[in-house]
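What follows is a single structure, written as structure tokens, with notes after it.
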Amino acid sequence: MAPDGTHPKNYFLKNNGLGRILYDLNFSVLQKYRCFANCKKCYTKDFWIPSSQVKNFISSSVASGIQRQWFEIFNYFEMVSIIDDLKFIKDEAPHLWPFYINHQDVFYLSSLNDNAIIRHLPILTKEFFPKGIHEVCLSEEFILRQGIAVIIKMLIEIHVRVPIQKIVFYRLPSEAMGVEAELSHWCADNGVSFQCNYSVEESVSQSLASRSQSLFLMYDQFYIDLKMATTASGKPFASLENFAPVSFLPIVLHARRDSLALVGKHSEHQYYSYIRQHLNIYDGYNFIPMPVLPTFTKYYRALVSKGLAVETKYGLLVVENQNLGGIKPLIDFKDKE
Ligand code: SF4
């Protein structure tokens with residue numbers, strides 16, 4: 001059984017499969033993620049490279065060649081979301097900042113947490129207007145320190161230029177409902193979804209788990225999760241230079257299966273051992289069954305529109321491998337259930 005009680009095969013396709021992995025690409029112009037917002041409670045900072053080493057991960061330019069490759073990749077993802085600390089890019093890597101300014105309408109912003117809102121207010125109200133912000137995460141402790149009126153004023157100023165999609169509020173167990181009520185009313189009045197969580201730790205681990213279903217493109221390297229994209233020792237699973245739409249799919253699936261195996265080492269849950277033992281991935285494939293890459297994904301549509309695959313009733317036939325002799329699926333499960 002999978003964590004939600006369904007069959008592991010169905011759970012994998014829905015939660016860890018290509019439909020999920022290829023939806024939202026996390027993007028950075030740096031080669032490793034680093035944030036300088038210095039929030040009181042930050043549960044990713046243990047992964048970070050030391051600030052003295054950050055300069056080693058700042059590329060010297062955004063050459064036109066790499067821009068071309070980025071935009072080619074972006075064609076395959078429903079959305080591309082910046083994870084950078086924009087203030088840091090603007091101040092400390094000013095040669096990279098014009099790329100974002102010139103292409104701001106291509107991107108979403110992944111999230112803003114506590115201090116990052118204050119830190120990014122001038123940028124997001126005066127010069128950089130991406131398509132939206134997926135999540136603004138606010139702890140009650142932070143709101144009480146700043147004052148709810150100040151926070152709402154900042155949200156209004158940002159939302160009018162860059163639509164906020166969701167606010168995640170971390171509630172202190174001992175506090176009255178005042179802050180939560182004001183924030184949730186503001187969300188209801190402004191078409192922003194609202195989520196209240198009671199444990200910051202739980203919320204952050206949920207958010208990390210959810211973000212880690214997506215890929216990270218850090219300048220020219222792909223990483224399978226946030227921890228890999230953040231730590232100096234985290235290894236990429238693919239590079240931009242070698243990206244080819246057909247061969248990329250098994251490479252991604254191998255990386256996801258390996259990352260689930262790592263999680264499984266610390267979990268008794270039989271889902272992880274099922275995936276390790278039963279999921280087969282075939283590099284030489286010529287067929288992508290429909291449930292493996294759903295028709296609604298941009299990757300599916302791009303493979304078809306670029307002539308790399310042909311639609312059938314049951315999935316996509318890959319043009320370049322059609323002479324392999326018979327149907328060779330991208331993946332199957334050993335038990336064939
Ligand atoms: S904005 Fe996020 S990553 Fe940066 S310090 Fe705050 S919690 Fe940590």
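Can we say residue 69 is among the polar types (S, T, N, Q), over 28 Å from residue 136 (Cβ atoms) and in contact with a Leu (Cβ under 7 Å, 6 or more places away or on another chain)?
yes
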Unique match (being charged (D, E, K, R), more than 16 Å from the ligand (Cβ to nearest atom) and in contact with a Phe, Trp or Tyr (Cβ under 6 Å, 6 or more places away or on another chain)) among 9, 32: 9
Unmet criterion (only one of (1) among the acidic types (Asp, Glu); (2) more than 16 Å from the ligand (Cβ to nearest atom); (3) surrounded by fewer than 18 Cβ atoms within 10 Å (Cβ to Cβ)) for residue 24: (3)
Test: residue in the stretch 316-329 that is in contact (Cβ under 8 Å) with a residue 60 or more places away in the chain, buried (at least 18 other Cβ atoms within 10 Å of the Cβ) and over 21 Å from residue 223 (Cα atoms): yes
Filter result (over 19 Å from residue 17 (Cα atoms) and either at pLDDT 90 or above or under 25 Å from the mean Cα position of the chain (by Cα) (or both)) within the stretch 263-308: 265, 266, 267, 304, 305, 306, 307, 308
Tally, over the stretch 136-167, of residues that are modelled with pLDDT of 95 or more and of a type in the set (Asp, Glu): 1
Residue within the stretch 71-78 that is free of Cβ contacts under 8 Å to residues at least 40 places away in the same chain and among the aromatic types (Phe, Trp, Tyr) present: yes
Residues of the stretch 296-320 that turn out to be of a type in the set (Val, Ile, Thr) and assigned to a loop (DSSP other than H, G, I, E, B), as a count: 2
Selected residue (only one of 262, 293 is on the phi < 0 side of the Ramachandran plot and part of a helix (DSSP H, G or I)): 262
When residues of the stretch 152-161 are limited to those that are within 25 Å of the chain's Cα centre (by Cα) and of a type in the set (Val, Ile, Thr), the one nearest to the ligand (Cβ to nearest atom): 158
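Within the stretch 277-290, which residues are in a strand (DSSP E or B) and in contact with a Ser or Thr (Cβ under 9 Å, 6 or more places away or on another chain)?
The answer is 287, and nothing else.
In this structure, does residue 204 turn out to be assigned by TED's automatic domain parsing to the domain that holds residue 49, buried (at least 18 other Cβ atoms within 10 Å of the Cβ), among the β-branched types (Val, Ile, Thr) and at pLDDT 95 or above?
Working: assigned by TED's automatic domain parsing to the domain that holds residue 49: yes; buried (at least 18 other Cβ atoms within 10 Å of the Cβ): yes; among the β-branched types (Val, Ile, Thr): yes; at pLDDT 95 or above: no.
Answer is no for this residue.
With the condition kept exactly as written, say whether any residue in the stretch 34-57 is of a type in the set (Val, Ile, Thr) and surrounded by fewer than 17 Cβ atoms within 10 Å (Cβ to Cβ).
The answer is no, given that none of the residues of the stretch 34-57 is of a type in the set (Val, Ile, Thr) and surrounded by fewer than 17 Cβ atoms within 10 Å (Cβ to Cβ).
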Contacts under 6 angstrom Cβ, first residue in the stretch 220-234 being small (Gly, Ala, Ser), partner part of a helix (DSSP H, G or I), 6 or more apart: 234/228
Residue within the stretch 245-261 that is more than 19 Å from the chain's Cα centre (by Cα), surrounded by fewer than 18 Cβ atoms within 10 Å (Cβ to Cβ) and more than 21 Å from residue 220 (Cα to Cα) present: yes
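Considering only helices (runs of 4 or more DSSP H) fully contained in the stretch 36-140, which possess at least 1 residues that are within 16 Å of the ligand (Cβ to nearest atom) and closer than 23 Å to residue 228 by Cα? Show your work before the answer.
Values: elements: 64-74, 86-92, 97-102, 115-126.
Correct list: 86-92, 115-126.
I'd like to verify a number: residues in the stretch 141-151 that are away from the ligand (no atom under 16 Å from the Cβ) and buried (at least 21 other Cβ atoms within 10 Å of the Cβ), how many?
Here is the first cut: in the stretch 141-151, the residues away from the ligand (no atom under 16 Å from the Cβ) are 144, 147-150.
Pick out the ones that are also buried (at least 21 other Cβ atoms within 10 Å of the Cβ) and you get none.
The qualifying residues number 0.
The values are calculated or read from the model by the stated rules, or taken from the named source; none is laboratory data. Note that the structure is predicted; figures quoted are calculated from it, not measured. Positions of Cβ are generated from backbone atoms using ideal geometry, with glycine treated the same way; all protein chains shown enter the neighbour counts.
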